[in-house]
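The values are calculated or read from the model by the stated rules, or taken from the named source; none is laboratory data. Quantities reported herein were computed from a predicted structural model and do not represent experimental measurements. Please note: Cβ atoms are built from the backbone with ideal geometry, for glycine as well, and neighbour counts cover all protein chains shown. Quick note on the areas: whole protein, heavy atoms, side chains included, nothing else; ligands and nucleic acids left out. Shrake-Rupley method; radii C 1.70, N 1.55, O 1.52, S 1.80 Å.
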Amino acid sequence: MIEGHGTRDYEHTKALMWSEPEAWDRLMSKITETVIAYLSAQIDAGAQAIQVFDSWVGYVAPRDYERSVLPYTKRVIEALSEHGRQIVPEGVPIIHFPNGATSMLDLAQQAGGDVIGIDWRLDMRQAVEQIDERFAIQGNIDPVALFGPDDEIERIVVEILEAVGTRPGHVFNLGHGIHKTTDPEKARTLVRLVHEHSARIRSVVA
């Protein structure tokens, strides 16, 4: 909408955010209301969980995120949480994935929701320490790990599960989307390893 093409620098977007705050607010408000309407329709259609995937958090400084991004994300999540409770009493779980937010998880948690998604750039032990226990955690194996050997995938799986330990609510997931050239057998191997080691860790704790 602003850059006109894909970008890694977001120079035009950031320039608008900094130089024309009123225009920025009008644009972000339109996007916010559209996202609320779209995801509310998914809840109405029977979606059992909703994920708000904020893909550019890691491209802005914490001060800019707090001032120019967080308020709109918070509005989306609050509206969806309220709408979900109108459908089922306990609500529809809202996953908030602030991609690249390793330096501002304290701010990202202010957006609300039920689950915080983390990418692979953050050690899971740090995530467990930094994320309030009212949130479940989703993540966070590097998607490219699925191109590696099975024993390396297993090592990473064990590290993540042991870092989570007995904390409830962990959703094991890739730290981002799966690559289109990933061998499906590798994905099946990952799922198998997660099941096997989750069961082992639970039995040790018990």
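Tell me, which residue of segment 23-53 that is touching a residue at least 24 places away in the same chain (Cβ under 8 Å) and closer than 16 Å to Ile2 by Cβ is most open to solvent (accessible area, probe 1.4 Å)? This residue is Ile31.
Looking only at residues that are hydrophobic (A, V, I, L, M, F, W, C) and within 20 Å of Arg121 (Cβ to Cβ) in segment 176-199, which one is farthest from the chain's Cα centre (by Cα)? Going through the qualifying residues, I end up with Leu190. Looking at (1) assigned to a loop (DSSP other than H, G, I, E, B); (2) within 25 Å of Val52 (Cα to Cα), can you tell me which one Thr166 breaks? All conditions pass for Thr166, except number (2). Count of segment 54-93 residues, restricted to those that are open to solvent by 90 Å² or more (accessible area, probe 1.4 Å) and under 29 Å from Arg8 (Cα atoms), is 3. Across segment 154-206, the number of residues qualifying as open to solvent by less than 70 Å² (accessible area, probe 1.4 Å) and farther than 25 Å from Ala101 by Cβ comes to 10.
Scanning segment 149-156 for any residue that is assigned to a loop (DSSP other than H, G, I, E, B), farther than 14 Å from Trp120 by Cα and without any contact (Cβ under 8 Å) to a residue 24 or more places away in the chain turns up at least one such residue.
The single residue among Ile137, Ile160 that is part of a strand (DSSP E or B) and either out of contact with any His (no Cβ under 7 Å at 6 or more places or on another chain) or of a type in the set (A, V, I, L, M, F, W, C) (or both) turns out to be Ile137. Could you tell me whether segment 189-206 includes any residue that is modelled with pLDDT under 95, closer than 17 Å to Val115 by Cβ, in a loop (DSSP other than H, G, I, E, B) and not aromatic (Phe, Trp, Tyr)? The answer is no, given that none of the residues of segment 189-206 is modelled with pLDDT under 95, closer than 17 Å to Val115 by Cβ, in a loop (DSSP other than H, G, I, E, B) and not aromatic (Phe, Trp, Tyr). Listed conditions (1) touching a strand residue (DSSP E or B) at 6+ places or on another chain (Cβ under 6 Å); (2) modelled with pLDDT of 95 or more; (3) among the aliphatic types (A, V, I, L, M) are all met by Ala41, apart from (1). Here Glu3 passes the criteria (1) open to solvent by less than 80 Å² (accessible area, probe 1.4 Å); (2) out of contact with any helix residue (DSSP H, G or I) (no Cβ under 6 Å at 6 or more places or on another chain); (3) not in a helix (DSSP H, G or I); (4) not hydroxyl-bearing (Ser, Thr, Tyr) except the one numbered (2). For segment 12-22, the tally of residues that are closer than 15 Å to Ala61 by Cα and surrounded by fewer than 11 Cβ atoms within 10 Å (Cβ to Cβ) stands at 0.
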